[in-house]
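Each remark here refers to the structure printed beneath this line.
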Amino acid sequence: MWRQHFTGIRPQIMNGPMHPRPLVALLDGRDCTVEMPILKDLATVAFCDAQSTQEIHEKVLNEAVGAMMYHTITLTREDLEKFKALRIIIRIGSGYDNIDIKAAGELGIAVCNIPSAAVEETADSTLCHILNLYRRNTWLYQALREGTRVQSVEQIREVASGAARIRGETLGLIGFGRTGQAVAMRAKAFGFNIIFYDPYLQDGLERSLGVQRVYTLQDLLYQSDCVSLHCNLNEHNHHLINDFTIKQMRQGAFLVNAARGGLVDEKALAQALKEGRIRGAAMDVHESEPFSFSQGPLKDAPNLICTPHTAWYSEQASLEMREAAATEIRRAIT
């Protein structure tokens with residue numbers, strides 16, 4: 001589990017007969033049935049089900065020493081300053097771009113994530129999106145639902161236009177951490193040639209996994225038939241995929257993003273889809289969430305598959321993440 005390191009941590013919790021039980025809050029959820037058994041002997045557990053700190057009860061802001069949160073609420077410096085006793089935040093998931101890490105450190109609040117969270121699920125979902133783009137199952141299903149009759153070879157050619165063979169194609173992975181590696185192993189079984197770009201990874205891993213490393217983003221974009229994003233969002237890679245980098249991609253390449261919405265400039269993506277520079281895209285995460293096709297730059301974009309930030313989810317993954325979050329809170333307040 002990743003932890004932020006800083007100086008000036010807020011005072012340790014004293015939990016005993018002369019001290020009240022510390023308060024721990026789930027900020028953006030309402031189900032504490034997993035967390036409660038892990039924490040009930042040490043802390044009072046409350047849920048807020050909030051979308052912003054304006055919806056969080058004053059008692060939580062004043063007294064909570066620990067907080068757990070998903071990706072559906074954002075904590076800026078201004079938000080963090082509202083918490084008077086907070087010592088630790090657990091992000092139930094791998095990403096932490098919805099927390100002002102620098103401000104948390106300066107305020108003495110530890111921030112932890114769960115980097116192993118839902119790796120299998122996210123990798124499976126990513127590969128499903130990739131296969132869907134190549135084999136066009138989503139659009140074929142829609143055609144049948146809309147009453148399209150497919151009988152002759154000519155009709156098959158028309159309705160399945162754009163379907164492509166996978167074996168021999170090059171899949172480029174931007175970011176090669178746990179999820180990127182899991183996607184690579186799955187994709188190799190389908191016959192993809194795998195290349196990756198990750199400036200933070202030491203040399204050598206590519207040889208053990210039988211994949212190829214490239215050392216510039218430009219090289220990856222130029223060589224890839226399909227590009228899939230697997231990196232965290234930070235101040236250096238916001239809109240990593242933009243009009244300029246899209247023009248560096250192969251004509252008619254595919255794009256998949258199950259990492260962070262802010263990595264892709266959706267206006268540039270929509271334009272590239274309309275012009276055919278990108279043949280198809282699959283997005284599980286979006287710049288603005290919750291996502292809706294009724295608004296935003298992607299509403300009229302063709303050849304686009306969108307899912308509502310669910311690539312990470314399974315009952316097993318959710319349970320594991322919540323148990324890990326509650327266990328880390330327990331460790332911090334014991």
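Things to note:
- Those strands (runs of 3 or more DSSP E) of region 227-334 in which at least 3 residues are surrounded by 21 or more Cβ atoms within 10 Å (Cβ to Cβ) and either outside the structural domain of Q51 (by TED's automatic domain parsing) or of a type outside the set (D, E, K, R) (or both), considering only elements entirely within it, cover 253-257, 278-283.
- Options L205, L221, L240: the member that is farther than 28 Å from I101 by Cβ and either in contact with a helix residue (DSSP H, G or I) (Cβ under 7 Å, 6 or more places away or on another chain) or of a type in the set (A, V, I, L, M, F, W, C) (or both): L221
- Screening the candidates L205, L220 for the property of being surrounded by 14 or more Cβ atoms within 10 Å (Cβ to Cβ) and closer than 22 Å to I246 by Cβ yields one hit, L220.
- Considering residues of region 67-122 that are among the hydroxyl-bearing types (S, T, Y) and without any contact (Cβ under 8 Å) to a residue 60 or more places away in the chain only, the residue surrounded by the fewest Cβ atoms within 10 Å (Cβ to Cβ): T76
- Test: A324 is aliphatic (A, V, I, L, M), more than 27 Å from E235 (Cα to Cα) and out of contact with any Leu (no Cβ under 6 Å at 6 or more places or on another chain): yes
- Residue within region 107-129 that is more than 18 Å from A311 (Cβ to Cβ) and hydroxyl-bearing (S, T, Y) present: no
The values are calculated or read from the model by the stated rules, or taken from the named source; none is laboratory data. Computed from a predicted model, the values in this text were never measured in an experiment. FYI the Cβ positions are ideal-geometry reconstructions off the backbone, even for glycines, and counts take in every protein chain you see.
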